[in-house]
């Protein structure tokens, strides 16, 4: 049985969260971990294309459409008028893994690394978010409360993630 652990990346749009995440995943996998991700979008998004059969199924009113092939499968669930699911509900839908990396869900209580680029022109999130445990930046910051790492220190960031990821309650089968 695996114990799934959770760790997040927080930061302003354009700070490099996705770039860091996609560089970090192979490092963690190289250390023998299985990794899944959850990305929260603040806007409407679609993974389907107009005219495709699966799109037509959803447009006709299907609540869920599962598309499968020999290489992957995807489940699209239409909320219609239902509330957006919380992070716990989404985590329950994932297959068991060692680590789930979260991009977004910044109000959820889990350890986070702030990804910060001064060139974006936005303030640090860390002073107002006690769940941020360190900051990764492309420049030295005048903020001594938390450890700081360079954005391209993938090994150091992987060490931090492994050490500080939150163990989710109960083992996953």
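All conditions in (1) farther than 18 Å from residue 34 by Cβ; (2) modelled with pLDDT under 95; (3) surrounded by 14 or more Cβ atoms within 10 Å (Cβ to Cβ); (4) in contact with a helix residue (DSSP H, G or I) (Cβ under 8 Å, 6 or more places away or on another chain) hold for residue 168, with the sole exception of (1). A residue that is touching a helix residue (DSSP H, G or I) at 6+ places or on another chain (Cβ under 8 Å) and over 26 Å from residue 169 (Cα atoms) occurs somewhere in the range 78-100.
Results for (1) within 27 Å of residue 162 (Cα to Cα); (2) surrounded by 14 or more Cβ atoms within 10 Å (Cβ to Cβ), shown as yes or no for each residue.
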residue: 35; (1), (2): yes, yes
residue: 49; (1), (2): no, no
residue: 65; (1), (2): no, yes
residue: 68; (1), (2): no, no
residue: 81; (1), (2): no, no
residue: 91; (1), (2): yes, yes
residue: 95; (1), (2): yes, no
residue: 116; (1), (2): yes, yes
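Pairs meeting the criteria (first residue in the range 76-93 and outside any loop (DSSP other than H, G, I, E, B), second residue modelled with pLDDT under 90 and surrounded by 14 or more Cβ atoms within 10 Å (Cβ to Cβ), beta carbons under 6 Å, at least 6 apart or on different chains) are 76/65; 87/105; 87/108. Is one or more of the residues making up the range 98-107 closer than 22 Å to residue 133 by Cα, part of a loop (DSSP other than H, G, I, E, B) and modelled with pLDDT of 90 or more? Looking for residues that are closer than 22 Å to residue 133 by Cα, part of a loop (DSSP other than H, G, I, E, B) and modelled with pLDDT of 90 or more, one finds at least one in the range 98-107, hence yes.
The values are calculated or read from the model by the stated rules, or taken from the named source; none is laboratory data. From a predicted model like this one, the values you see are computed outputs, not experimental measurements. Cβ: placed from backbone, ideal geometry, glycine included. Neighbour counts: every protein chain shown.
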